[in-house]
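No value in this document is a laboratory result; all are computed from the given coordinates. Because the structure is predicted, anything quoted here is derived from the model rather than measured. We place every Cβ from the backbone using ideal geometry, glycine too, and count neighbours over all the protein chains shown.
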Amino acid sequence: MEDTATLRIANENYTFPIIEGSEGEKAIDTQKLRAQSGYITFDEGYGNTGSCKSAITFIDGEKGILRYRGYPIEQLAENSNFIESSNLIIYGDLPNRESMKTFSNRVLKNASIDVGMNQIFQGFPQSSHPMAMLSAMLNSLGCYYPDLATNDRARDLENFDEAAATLISKVRTLAAMSYRKKSGLPFVYPKQKMGYCQNFLHMMFSEPYNDYVPHDDVVKALDLIFLLHADHEQNCSTSTVRMVASGGANLFASVSAGVCALWGPLHGGANMAVVNMLQRIHDDGDDGSEYIEAARRGEARLMGFGHRVYKNYDPRARILGEVCEKVLSALGHNDPLLDIARRLEEKALNDDYFVQRKLYPNVDFYSGIILKAIGIPLDMFTVIFAIGRMPGWIANWKEIAEGDSRIHRPRQIYTGKNTRDYVMLKNRGPEWPQA
Ligand code: CMC
């Protein structure tokens with residue numbers, strides 16, 4: 001194969017190297033384009049732009065393939081758990097017994113937070129959204145562990161193992177606290193002997209006078225949800241983490257920005273939007289047909305459908321679609337929203353509009369129904385996504401910190417006014433601004 005590409009602009013040829021990834025995906029390396037030709041590439045939304053080389057996650061959206069560090073998501077979902085997969089994602093390989101123990105112990109011992117952080121929580125009004133609290137609290141961790149958040153790359157990397165385990169552990173404690181704060185409930189402290197997910201559910205739902213004991217299937221389903229969200233290459237929040245990290249910011253600040261990026265309904269907020277949509281369809285007495293019609297007319301979006309990268313069934317949605325049934329029946333729930341979701345899926349997969357645009361269910365289509373059955377309130381859904389995505393953000397921060405990439409700084413095509421002279425305030429009359 002040619003290992004260069006030639007671009008012809010105004011009778012001038014420019015040649016660029018072609019680079020190839022380990023799965024055969026190809027890119028034209030245009031890093032010298034502007035220096036050589038004066039032109040830049042324009043790719044709003046970055047649909048065709050490789051922003052980095054990364055060895056963490058591979059997705060083939062056409063074939064519906066997702067692998068963490070080379071391991072197919074289906075095998076990890078079947079055999080691994082969230083903590084082991086986090087270790088895999090962050091450090092690049094499945095851990096042996098020894099390294100698994102070291103990592104798990106680090107996570108375990110970091111579950112508590114400084115009591116000073118309780119005061120920060122008290123300062124939030126009760127109406128605060130848990131995502132806003134989570135982002136703020138993750139960044140605040142840097143104030144309590146200044147040695148782990150120096151913004152000096154070499155020092156932050158020296159303390160990386162501790163910072164990573166701190167975040168994996170404390171994001172769950174802070175998430176549960178944000179729920180308790182919002183619900184006006186006292187904080188519940190983590191327990192030493194509990195596994196990762198059980199401990200989270202304990203901090204969410206136990207009362208000082210009554211320990212919450214979750215069903216085994218609930219613990220497993222939550223662990224699976226975390227695992228399936230653990231990384232997804234250069235999505236909006238992960239790119240944000242890398243962008244912030246590229247300026248040299250510490251790990252806590254970088255993942256805090258990731259939480260903000262995740263919040264939007266087109267990204268991590270979609271799981272919440274799916275349940276709202278299903279509830280609306282249910283309340284309207286629609287069997288899904290009217291909603292599909294509205295989507296075809298461009299008046300509605302089928303939330304939980306479509307993906308920038310997957311032009312096939314999202315493998316995470318397939319796994320969760322199967323688990324959904326199991327969890328609901330284990331809990332004895334008969335949720336009419338699941339019937340609506342199944343009907344919507346069937347209709348959409350056989351509808352020209354969705355088929356032509358290759359719109360398939362994504363991870364959020366079924367995760368919300370499971371979370372609802374577990375008893376997680378709607379405004380905590382995106383927080384659950386954030387807990388799951390933490391290892392991916394951490395691994396991507398590490399890649400940036402250990403690499404030699406320059407600060408991320410895209411260019412733009414300016415479409416504003418050309419130079420004009422300043423006008424004094426007294427001269428700006430009722431017709432201001434001038435056409
Ligand atoms: N319902 C109806 N039409 C859709 C949908 C949808 N869910 N998604 C895309 N389309 C249409 C869109 O209107 C456009 O049609 P046309 O070509 O006629 O203008 C075409 O499909 C291409 O859509 P796009 O918006 O250009 O695609 P995108 O790659 O920019 O957006 C997306 C991807 C995920 C934001 C979008 O599919 C969407 O809004 N889906 C619903 C929200 C959702 O489920 N988000 C979770 C994504 S998975 C979790 C994560 O990774 O964050």
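General observations
- Taking a span of 24 Å or more along the helix axis (Cα atoms) and a mean Kyte-Doolittle hydropathy of at least -1.0 as the rule, the DSSP H helices of the chain that qualify are 160-182, 381-402.
- Straight-line cross-link partners of Lys193 among the aspartates and glutamates, defined as a Cα under 15 Å from its Cα and at least 8 positions apart when in the same chain: Asp211.
- A simple packing score, the average count of other Cβ atoms within 10 Å per residue, orders the peptides 99-105, 225-231, 403-409, 337-343 as 225-231, 337-343, 99-105, 403-409, with the highest score first.
- Gyration tensor verdict on the range 4-66 (Cα atoms; rounded if a/c is under 1.5, prolate if a/b is larger than b/c, oblate otherwise): prolate
- 25 Å Cα-Cα reach of Lys426 towards lysines, excluding residues that sit fewer than 8 places from it in its own chain: Lys417
- Magnitude of the charge dipole, the chain, Cβ model with Lys/Arg +1 and Asp/Glu -1, debye to 20: 1200
- Sites Asn151 and Asp379 - FRET efficiency at Förster radius 56 Å, r taken between beta-carbons, to 0.05: 0.95
- Entries in Lys372/Lys398; Lys53/Lys109; Lys26/Lys358 that, when Cα-Cα distance is taken, lie over 27 Å: Lys372/Lys398; Lys53/Lys109
- Two-decimal Rg to Rh for the range 71-410 - Kirkwood Rh, Cα set: 0.97
- Burial order of peptide ranges 143-156, 384-397, 232-245, 71-84 (average beta-carbon count within 10 Å, highest first): 384-397, 232-245, 71-84, 143-156
- Potential lengthening between Gln192 and Met424 on full extension [0.36 nm per residue; Cα-Cα distance subtracted]: 76.8 nm
- At an R0 of 25 angstrom, the distance between the Cβ atoms of Lys63 and Asp93 translates into a FRET efficiency of 0.55.
- Gyration tensor verdict on the range 153-306 (Cα atoms; rounded if a/c is under 1.5, prolate if a/b is larger than b/c, oblate otherwise): oblate
- As a calculated quantity, the FRET efficiency between His129 and Glu44 at R0 = 35 Å, using C-beta atoms, amounts to about 0.75.
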